[in-house]
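Structure first, commentary second.
The values are calculated or read from the model by the stated rules, or taken from the named source; none is laboratory data. This structure is a prediction, so every number in the text was calculated from the model and none was measured. Heads up, the Cβs are rebuilt from the backbone with ideal geometry, glycines too, and the neighbour counts pull from every protein chain shown. Side chains included, ligands, DNA and RNA excluded: accessible areas come from the protein's heavy atoms. Shrake-Rupley method; radii C 1.70, N 1.55, O 1.52, S 1.80 Å.
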Amino acid sequence: FLQIDAHADLRKEYDGSSCNHACAVYEASQKTNLVQVGIRSMDSIEVGINDDDKIFLAHEMVQDDYWQEKATEALTENVFITIDLDAFDPSICPSTGTPEPGGLFWYETLDFLKMVFAEKNVVGFDIVELCPNPSEKSSDFLAAKLYYKMLSYKFKDIALEGEDGYEANNAFTKSGLKKMKNIED
């Protein structure tokens, strides 16, 4: 389980409920191999819940040229990815519910995701906590483009050989839909 987020979300309960965004990955930390990337806000009660070797704090990542390799190596073969948009620096994605300064940037995130998709079997992903703002559309586009990029990383090898441009895109769409249908059969 790969969590890309500004917040640890490791509380067993918050405000009397375990069904709270502050508790989003507590159960995953207990039952799966949870790797957390971009964390820069953690309450003292969350410290020690997850393995310290599997938490990549944003302020440490800035000084570690090999954090992407280390985080990828910490993952199991099959990976589910959850991305909270507040993982991004608010300068590129301000429209989230709980923005935190000092976040990830676009190209470093894409480089990391490409590595994960190339080396692991990504079985699913979600993108959460977009808080649309009518006067700020860049966050909406970032979320949509991120979703598109992740789909393309997963299904990059589907386009038929020898086709390019429109035909390759058409083959990708047909093959991708066919492949996804076969998964359900």
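State all residues of segment 11-50 that are touching a Lys or Arg at 6+ places or on another chain (Cβ under 7 Å) and at pLDDT 85 or above; if no residue qualifies, say none.
Leu34, Val35, Gln36
Do we find that Asp86 is open to solvent by less than 40 Å² (accessible area, probe 1.4 Å), touching a residue at least 24 places away in the same chain (Cβ under 8 Å) and over 10 Å from the mean Cα position of the chain (by Cα) in this structure?
Judged against the criteria, Asp86 is a match.
For segment 55-81, what are the residues that are buried (at least 19 other Cβ atoms within 10 Å of the Cβ), in a strand (DSSP E or B) and in contact (Cβ under 8 Å) with a residue 24 or more places away in the chain?
Ile55, Val79, Ile81
Every residue in segment 90-100 that is out of contact with any helix residue (DSSP H, G or I) (no Cβ under 6 Å at 6 or more places or on another chain) and buried (at least 20 other Cβ atoms within 10 Å of the Cβ), please.
Within segment 90-100, no residue meets the criteria.
Of the conditions (1) touching a strand residue (DSSP E or B) at 6+ places or on another chain (Cβ under 9 Å); (2) outside any helix (DSSP H, G or I); (3) modelled with pLDDT of 95 or more, Asp140 fails just one. Which one is it?
Going through the list (1) touching a strand residue (DSSP E or B) at 6+ places or on another chain (Cβ under 9 Å); (2) outside any helix (DSSP H, G or I); (3) modelled with pLDDT of 95 or more, Asp140 breaks only (2).
Working only within segment 1-54, note down all residues that are closer than 22 Å to Gly124 by Cβ, among the aliphatic types (A, V, I, L, M) and open to solvent by 10 Å² or more (accessible area, probe 1.4 Å). Don't jump to the end; show me each part of the working.
We begin by selecting, within segment 1-54, every residue closer than 22 Å to Gly124 by Cβ; these are 1-10, 19, 21, 23-39, 50, 54.
Imposing the further condition that a residue be among the aliphatic types (A, V, I, L, M) reduces the set to 2, 4, 6, 8, 10, 24-25, 28, 34-35, 37, 39.
Those that are closer than 22 Å to Gly124 by Cβ, among the aliphatic types (A, V, I, L, M) and open to solvent by 10 Å² or more (accessible area, probe 1.4 Å): Ala24, Ala28.
Do you know which residues across segment 107-162 are closer than 24 Å to Thr96 by Cβ, β-branched (Val, Ile, Thr) and open to solvent by 40 Å² or more (accessible area, probe 1.4 Å)?
Matches in segment 107-162: Ile127, Val128.
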